[in-house]
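Notes for the one structure printed next.
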Amino acid sequence: MKKMKELAILCIFCLVLSLVIIPEKPAVQAASGYKDATSGALHVDGTKLKDKKGNTIQLRGVSTHGLSWFPGYVNNKMFKDLHDKWGANVVRLAMYTEEYNGYCSGSSQNKKDLKALVKKGVKYATDNDLYVIIDWHILSDGNPKTHRKAAISFFKEMAKEYKNNTNVLYEICNEPNGGTSWSTIKSYAEDVIPAIRKYDKDAIVIVGTPTWSQDVGRAAANPIDEDNIMYSLHFYAGTHKKWLRDRAKSALESGLPLFVTEFGTTDASGNGTVNKTQSNYWINLLDNKKVSYVNWSLCNKNESSALIKSSVSKTSGLNRSNLSTSGKWYYDVLRKRAGLAK
Ligand code: IDC
């Protein structure tokens, strides 16, 4: 009887001990990202992006292709997958201004449709704990001043709509080009930023830099005198190699907060060979410096930068095998960094 009692006490002791010392099995870690209660509103501190608690946060995610070309990927299930399965914490909504039913080149109905699609995108991002970048995607209209008035009214409307959202970032000119100088871009930014700030006082605003967002040194030499501004650096790994990484490093060293709002694993045409070696060099640098990055692009176009195989037509529920060479590489990059990879 006494032995039984001793045994029972021993068992209870062991049970208590096991509860105390056996660590809880970690649950699958979701992407660290937008959650209003935790990460919330972002701010810029030096070259770093910080969350509301002051922790450095790196955003990693994907860009849509042009919203007019591929509207179908803007759906709740896809965005949920991006967060839960891919481990992304940001999505970029690329709204062209000129090309193919661009916001400034299409009909007024097209303008309404695009605006509605952007709003859907922001909603799906918000519902799925993603930060979201609203991208005014200038390209063939190389000078952002070409559509300055339209940009001001568009961003005013967006900022009014999203003044209480803490997950919306504004990218006011994708890639200035055609010889547009930094001083022209800067003066454009100084017109658009107040339109945003009128409603959304301290949201992050990302400004493109000269020569397809590669001449970050120009901005570093004469930055915009405003809080919470970041500067775009874009690269396509097959074309932009060590020389552009060196340029990025020196811009960071001089204190310029960079955001890679677009990069491709291919050459600058968005096509050609996927250069994994150069892509890995880039990702290592960006991780090391805690620079955020967004990959081009979430679509199944028959071009090698597309994340999805051109033979796959579904717009959500994608498996790794549905992805292109670039897609598989990037899916693994994201999942690993979000702690989702096996
Ligand atoms: C490309 C698309 C391509 C589309 C073209 C339109 O991949 O399908 O026909 O735009 O002109 C950028 C631009 C981005 C480009 C991409 C690849 O921001 O719009 O997309 N790129 O060329 N800058 C460097 C490369």
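Readers should treat all values here as calculations from the given coordinates under stated rules, not as data from a laboratory. Just so it is clear, the structure is predicted and the values come from calculations on it, not from any experiment. Glycine gets a Cβ as well: all are built from the backbone with ideal geometry, and neighbour counts include every protein chain shown.
Observations, loosely collected:
- Bridging of LYS48 to aspartates and glutamates at a Cα separation below 13 Å is possible for ASP227, GLU253, ASP287, once same-chain residues fewer than 8 apart are set aside.
- The Cα atoms of the range 72-172 cover 39, 27, 24 Å along the three principal axes, with the biggest extent listed first.
- Estimated 222 nm signal from helices in the chain, with DSSP H stretches of n ≥ 4 weighted -39500 (n - 2.57), rounded to 500: -11500 deg cm²/dmol
- Centre-to-centre, using Cα atoms only, the range 115-171 and the range 83-114 are separated by 9 Å.
- Helix 2-21 axis, angle to the chain major axis (alpha carbon atoms, nearest 10°): 10
- Distance between the range 303-321 and the range 46-75 - C-alpha centres, whole angstrom: 20
- Across LYS249/LYS309; LYS249/LYS276; LYS50/LYS249, pairs whose alpha-carbon gap is larger than 23 Å: LYS249/LYS309
- Given their separation in residues at 0.36 nm each and the Cα-Cα distance between them, ASN164 and THR325 gain 54.1 nm when the chain is fully extended.
- Dimensions in Å of the range 283-328 - Rg and Dmax from alpha carbons: 12.5, 37
- The chain, dipole about Cα centre (Lys/Arg Cβ +1, Asp/Glu Cβ -1), debye to the nearest 20: 1160
- The range 134-237: equivalent-ellipsoid semi-axes (sqrt of 5 x gyration tensor eigenvalues, Cα, Å): 21, 14, 13
- The slack between ALA221 and LYS314, meaning 0.36 nm per residue of separation minus the straight C-alpha distance, is 28.9 nm.
- Nearby lysines by direct alpha-carbon distance to LYS156 (threshold 21 angstrom, same-chain neighbours under 8 apart not counted): LYS111, LYS112, LYS115, LYS119, LYS120, LYS123, LYS145, LYS186, LYS198, LYS201
- Selected from THR126, SER187, ASN222, residue furthest toward positive end of dipole (the chain; charges at beta carbon): THR126
- DSSP bridge orientation in the range 196-328 - percent antiparallel, rounded to nearest 5: 10
- Beta bridges assigned by DSSP with both partners in the range 49-194 are antiparallel in approximately 5 percent of cases.
- The chain - Rg (one decimal) and Dmax (whole number), Cα, Å: 22.4, 93
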